[in-house]
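Single-structure report; data block below.
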Amino acid sequence: MKNPFKKFLDPKTQIVKHGKWYAIAPAAIIAVGLLVVLIFGFNLGLDFTGGRIIKIDGFSKDQEALIKTVVREVLQENLGGGLAAKSFLQIEQSDKGGGTALTVRYQEPKGEESEIKDLNAAIEAGITAKMLEVHGVDVNIMESDNILPSTSADRMLNVFIAVFAALIGILVYMLFRFKFTSGVAAIVALFHDALVMLAAVAIFRIQINFVFVAAVITVVAYSLNNTLVLFDRVRDKERDISNTQTVEQKVDSSIKETFWRTTITTLTTLVPVIVLCIFGVTSIREFALPIIFGLLAGTYSTICITSTLYVRFENARAASKKLKKQNSGASL
């Protein structure tokens, strides 16, 4: 079988030289995503919009599928298809008696406070009535409460603070282990990965919640790991005093030497994630789909974006040093 990457991996092939072309594909994806956001907005989940949370118990383990079906039917009848589709159902251990409980989160429609209160009461009464009258199961609402938008805003702020702190930590780590230019290139590439993921979930209308935040963090870890492997190889070449290659040549050869390692790592992660996406429930799919987009974006950024940025930064730094040396020599 012919190797499809033979030309790419050829020692004579120049990679970073064509760096300006590598930005076209991600820029197009981000532009389309931005257009979708401007027209339709993000599909925000309850973690960011606020809503209602109820917990139901009184059913056995073999009735879990039944209670989920009934709850979705009642939500559809009272909320409509749009808001019902955003609802989140999760089976967990009950706080009372050690049995099984169902946690239901749904976004409330806009309206008067009294109307919303009546709607929530109708949903709770509809679930208990349909389970008892149609299926003969006497379930009860053990807890019901509101998720306030102000609380959601605080959560969102905490997420951004945590991400910003992580990026600063990455920059400091890269500064000590490699170079400042490596750290800046890595952070720009991570922003690229996050923006591509955001654009993809906006285009495909995937719900954004804390599951998505977890997916972003997972992708950042994978992408950073691939980047560290690449820069490790570049550093080894830069430390070798017998190596007379230019920065571009060192980075090109490092990309080719780590290509299969990066590709295989991504593929071995993608396969189980794709399986989860195909056969998993909605909540699992909301986690798996962004990871698929992010892994592809992260692999692309490691090979094409990070390497190109590093070469550009290093060349700019070398040119700046040369200019300062010339100026200092002229002043003498």
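Here the contact order of the stretch 51-147, divided by its residue count and restricted to Cα pairs under 8 Å and six or more residues apart, works out to 46 percent. Note on the stretch 248-282 and the stretch 217-235: Cα centroid distance 12 Å, given to the nearest whole angstrom.
In summary, the aspartates and glutamates within cross-link reach of Lys179, defined as a Cα separation below 19 angstrom excluding same-chain residues under 8 places away, comprise Asp232, Asp236, Glu238, Asp240, Glu248, Asp252, Glu314.
When each of the peptides 82-89, 235-242, 117-124 is scored by the mean number of other C-beta atoms lying within 10 Å of its residues, the order from highest to lowest reads 82-89, 117-124, 235-242.
The residues packed around Gln245, meaning those with a beta-carbon under 15 Å from its beta-carbon, carry a net charge of +1 if Lys and Arg are +1 and Asp and Glu are -1.
Summing Cβ point charges (Lys, Arg +1; Asp, Glu -1) relative to the Cα centre of the stretch 204-332 gives a dipole of roughly 480 debye.
Taking all Cα-Cα distances within the stretch 51-147, those exceeding 24 Å account for 15%. Its Cα centre serving as origin, the chain has a Cβ charge dipole (Lys and Arg +1, Asp and Glu -1) of approximately 2700 debye.
The dipole here belongs to the stretch 51-147: it is taken about the Cα centre, uses +1 on the Cβ of Lys and Arg and -1 on the Cβ of Asp and Glu, and is about 300 debye. The HN-Hα couplings worked out from phi for the stretch 120-136 by the Karplus form 6.51 cos²θ - 1.76 cosθ + 1.60 (θ = phi - 60°) are 4, 5, 5, 5, 5, 5, x, 5, 5, 5, 5, 5, 7, 6, 8, 10, x Hz, whole numbers, x standing for Gly and Pro. Other residues lying with their Cβ under 13 Å from the Cβ of Leu171 contribute a combined charge of +2, Lys and Arg counting +1, Asp and Glu -1. Other residues lying with their Cβ under 12 Å from the Cβ of Ser87 contribute a combined charge of +3, Lys and Arg counting +1, Asp and Glu -1.
The mean sequence separation of alpha-carbon pairs under 8 Å and at least six residues apart, normalised by the residue count of the stretch 151-325, gives a relative contact order of 32 percent.
With both labels modelled 7 Å from their Cα along Cα-to-Cβ, the Ile24 to Phe180 distance reads 3.4 nm. Of the peptides 245-254, 131-140, the order by per-residue mean of other Cβ atoms within 10 Å, starting with the highest, comes out as 245-254, 131-140. When DSSP beta bridges are restricted to pairs lying wholly in the stretch 51-147, around 100% turn out antiparallel. Calculated FRET efficiency, Phe5 to Val172, Cβ-Cβ distance, R0 = 41 Å: about 0.70 to the nearest 0.05. Report relative contact order for the chain in percent, whole number only (criteria: Cα-Cα under 8 Å, sequence separation at least 6). Relative contact order comes out at 24 percent.
Measuring between alpha carbons in the structure, the pairs from Lys20/Lys321; Lys68/Lys130; Lys237/Lys325; Lys12/Lys256; Lys12/Lys250; Lys17/Lys321 lying more than 18 angstrom apart are Lys20/Lys321; Lys237/Lys325; Lys17/Lys321. Select one label from (1) 29.2, 106; (2) 18.7, 59; (3) 26.0, 97: the one whose number is Rg and Dmax of the Cα atoms in Å as derived from the coordinates shown. Label of the calculated value: (3).
Think of the chain as having a plus end and a minus end, set by charges on the Cβ of Lys, Arg, Asp and Glu; of Ile305, Met131, Leu190, Ile305 sits farthest toward the positive end of this dipole. Here the ratio of the Cα radius of gyration of the stretch 217-308 to 2.2 N^0.38 Å is 1.30.
Any read-out appearing in this document is the output of simple, stated calculations on the displayed coordinates, not a laboratory observation. It should be emphasised that the depicted structure is a prediction, and the values quoted were computed from it without experimental measurement. Virtual Cβ from ideal backbone geometry, glycine too; neighbours counted across all protein chains shown.
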